[in-house]
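Right, one structure below, let's go through it.
The values are calculated or read from the model by the stated rules, or taken from the named source; none is laboratory data. None of these values were measured; they are calculated from a predicted model. Every residue, glycine among them, receives a Cβ derived from its backbone with ideal geometry; neighbour counts consider all protein chains shown. Surface areas here come from the heavy atoms of the whole protein model, side chains and all, with no ligands, DNA or RNA. Shrake-Rupley method; radii C 1.70, N 1.55, O 1.52, S 1.80 Å.
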Amino acid sequence: MKNLFTFLFATLFSVTAFSQAYNSPESIEFDYANNRWLIANNSGNNILARSSVTGAVTVFAVCTGGPHGIEIVNDTLYVNAGGNIKLFNLNTAAAIGTITMGATFLNGLTHDNTYLYSTDFSAKKIYRINIATRAFSAFVTATGGTSSPNGIIYDGPNNRCVFVGWGASAPIKAMDITTGAITTIITSTLGNCDGITQDLAGNYYISSWTGNKITRFTSTFTSPTTVVTGLSNPAEIFYNTLTDTLGNTNSGALNNTTYHYFGSATAIDESKKNKFNFSVSPNPVSKSAEIKYENFIEGNVKIELFDVTGQVVKTLVNENQSKGEHKLSFDKSGLSAGNYFFTISSSEGTETKKVIIVE
């Protein structure tokens, strides 16, 4: 019953962004540092930015070469564009370089702490690119069988990347990031798989052109469940772990992006704000800061600190609290300088606040 409710709620909650700005969108990623979605606009030869608060769509940067897969690493946006990878400063949108690879058709893109991994759809290769030096090589020169590699995601706990493929009954495969060995996880009943993403619970979401849908699997790739339908050649997808919202790119006739909420029935969507009168001061934080918020009902309150990848760094509060105003002190000890996010949640909803930590 819960799964049915989640599916119905997610479908009804889907929000379509302004379609006039799109021209065959191919990839999407949430920019946690700037509270926006970034979209590779393939035929538009640009990268779009969609505000997570207002839904307004603007041009982030011009990117010729038919941008496909995009990936954020620290303050850099990497973009698969034809046979090369282009780099943009995440905060200024300035073009800061090109990794000239001479590949055939770079599609999916992901990264671990050291390398980028980029799938070459036509040549059936997976490239590995050193983030620090930009040196690259064809890490895998045959991805197994006849399926072209498409969307790819890094799976750290299992020391692998998981990627999806094209064709009928498309296989879902894994690549060992140490040896490059390719194994088939499952041969799915899905056709023409394009994107893959994962939520904090470990569930995988896969977009497929056949059926124009998104399917959810458990972390062990069991119990496939259709969670979104009615799409149009759904391409790359991304799960915003702060708001439990999955972003999708419709590269077909719909020519837009859609957003599908998978949170609890009592949570609120990412466009809501100021639910708790939540504040962090000073911000940026050099040593410590005071956090203030207001509970409008008695109940359990959780305050967590996330990094820019959406991973929980620290839990500050997770307890039953009284109605009214509350304060607590935050010490930045042990944290590297950079962008972080505080999230406060209760039965009243969720609110997120960006915080910058400096040396």
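The distance from the alpha carbon centre of the range 279-351 to that of the range 240-263 is 27 Å, rounded to a whole number. Amide H to amide H distances under 5 Å link D194 with S207, S208, W209, where only residues 5 or more positions off or on other chains count and H is placed in the peptide plane.
Model label sites at V358 and S329, defined 7 Å from Cα along the beta-carbon direction, differ in position by 2.2 nm.
Each label point was placed 7 Å from the Cα along the Cα-to-Cβ direction; for T187 and N45 their separation is 4.3 nm. Considering only protein heavy atoms and a probe of 1.4 Å, how much of the accessible area of the chain is carbon and sulfur, as a whole percent? Within the chain, the accessible surface is 49 percent carbon and sulfur. Calculated mean residue ellipticity at 222 nm for the chain: -1000 deg cm²/dmol, from DSSP H runs with n ≥ 4 weighted as -39500 (n - 2.57), summed, divided by the residue count and rounded to 500. Computed over protein heavy atoms with a 1.4 Å probe, the accessible surface of the chain works out to 41 Å² per residue.
What is the Cα centroid distance between the range 137-169 and the range 208-223, reported in whole angstrom? With the range 137-169 and the range 208-223 each reduced to a Cα centre, they are spaced 16 Å.
Treating only the Cβ atoms of Lys and Arg (+1) and Asp and Glu (-1) as charged, compute the dipole magnitude of the range 66-205 about its Cα centre; round to the nearest 20 debye.
Rounded to the nearest 20 debye, it is 340 debye.
Could you please report the charge total around E236, scoring K, R as +1 and D, E as -1 over all other residues with beta-carbon less than 11 angstrom from its beta-carbon? Neighbourhood net charge equals -4.
Seen through its C-alpha gyration tensor, with square-root eigenvalues sorted a ≥ b ≥ c, the range 141-242 comes out oblate because a/c lies at 1.5 or above while a/b is not bigger than b/c. Cross-linked pairs K86/K332; K213/K292; K86/K124; K323/K353: Cα-Cα separations exceed 32 Å for K86/K332; K213/K292.
Take each peptide in 78-90, 101-113, 219-231, count the other Cβ atoms within 10 Å of every residue, and average; sorted highest first, the result is 78-90, 101-113, 219-231. The C-alpha atoms of the chain define a longest principal axis, and helix 2-13 lies at about 90 degrees to it.
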